[in-house]
Structure formats: structure tokens, C-alpha cells
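Colleague: I am attaching a structure below and will ask some questions about it afterwards.
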Amino acid sequence: LEAALAEAGLPGRLDGVIHSAGMVDLGAVAEQDADHWIDQLMVNLVSAAELTRILLPSLRAAEGHVVFVNSTAGLRANPKWSAYAASKFGLRALADSLRAEEPSLRVTTVYPGRTATEMQRKVHAQEGRAYQAEKFTDPATVARALVAALETPADAVVSDITVRPR
């Protein structure tokens, strides 16, 4: 990863990074093997931790902004969501630790509830329910909330945002 970023011309200064990668694969604790857990932890948590670690010198130089797109599953776990929720609770801990360790950075966590995306379509299929996009938050609405946090003047930080469907 470090070599790829260097090849891409990693800047000496980086104003911000938005961690928005995510995957979900539902299943009861009794049904989830180690690979099931590892896949979700790697994509939803470890990748953000590693990329942040690598980018810290550039973010520090700019007193940059790190945004973690989490999930309301990072605030409350439901049945069959254990691996996903654990990865999102971990992402919350990563953001809290980074905020405390790097006071020159602004750190924001966005907790979207159910949002009309392909991931939500997959969740509904796994839950055996019909998918109706109009019942969920539009991704553009979540993006607007995220942009508002980024546009907050430098004397403040929006540390946490929860966006839920009406």
C-alpha cells in the first residue's frame, strides 16, 4: 500500500481523507467462521487504520481532516450483525483514539442509518425482505452532512454525525 501511494505521488501535505469502504455479510454468531469475521474486519476497520497510519505525516503537515463513514451498527448491534457491528464499533474506537492522539487533526465520524445503496439491497436479500429504496436515506443526503462537517470553520470540528431515514 505504501509503495502504491508513493507511486501515485503521495503529497507532502494532505488536507483530508474520507474512509468510506465497507462490506456486510450477515449471519448468526454460531454460523460465522473466522474468515467471515476477518473479511469484514479487514475491509471495514483494518484498511482504514492502515491507510490512516500511512497518511499521518501528510495529514499532520496540513492539520488535515479524517472522516470515517461508519454505520448506526457502530452504535448498536442487532441479531445476525455481529461481525459487521464489531468492525464498525472498532472503527468508532479508531476515530476516538485518533482524535485523542492527534489533536492537530480534525476527526469526524458519520453514522448513516439505512441508506439507499447496493449494500442495503444486499442486506435486504440476506434478511429475506423486499428492498424499497424510497424508505431509506438518499446517499446524497449523507454526502451533504459529510460536506457540512468538512466545511466547518477551522476553529471547530463536528466530531459525530448520525443520519437516519425519517
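Colleague: Where residues in the range 114-132 are within 28 Å of Val158 (Cα to Cα) and part of a helix (DSSP H, G or I), which of them is least open to solvent (accessible area, probe 1.4 Å)?
Modeller: Gln120
Colleague: Name the residue, out of Val46, Val29, Val17, that is under 25 Å from Val123 (Cβ atoms) and open to solvent by less than 80 Å² (accessible area, probe 1.4 Å).
Modeller: From the options Val46, Val29, Val17, the qualifying one is Val46.
Colleague: How about the range 56-90: which of its residues are of a type in the set (Ser, Thr, Tyr) and closer than 18 Å to Leu5 by Cα?
Modeller: Across the range 56-90, the qualifying residue is only Ser58.
Colleague: Under 25 Å from Leu56 (Cβ atoms), assigned to a helix (DSSP H, G or I) and more than 15 Å from the chain's Cα centre (by Cα), is that true of Ala93?
Modeller: Criteria not met by Ala93.
Colleague: Out of the range 102-113, which residues are surrounded by 12 or more Cβ atoms within 10 Å (Cβ to Cβ) and either at pLDDT below 95 or polar (S, T, N, Q) (or both)?
Modeller: Residues satisfying the conditions are Thr108, Thr109.
Colleague: So which residues in the range 55-90 are under 20 Å from Asp39 (Cα atoms), part of a helix (DSSP H, G or I) and either open to solvent by 20 Å² or more (accessible area, probe 1.4 Å) or out of contact with any Asp or Glu (no Cβ under 8 Å at 6 or more places or on another chain) (or both)?
Modeller: Thr72, Ala73, Gly74, Ser82, Ala85, Ala86, Ser87, Lys88, Phe89, Gly90
Colleague: Here is a list of conditions, (1) over 22 Å from Leu146 (Cα atoms); (2) charged (D, E, K, R); (3) at pLDDT 95 or above, and Arg76 meets all of them except one; can you say which number that is?
Modeller: For Arg76, the failing item is (1).
The values are calculated or read from the model by the stated rules, or taken from the named source; none is laboratory data. Everything numeric in this text was worked out from a predicted model, so none of it was measured. Virtual Cβ from ideal backbone geometry, glycine too; neighbours counted across all protein chains shown. We work out accessible area using only protein heavy atoms, side chains counted, and drop any ligands, DNA or RNA first. Shrake-Rupley method; radii C 1.70, N 1.55, O 1.52, S 1.80 Å.
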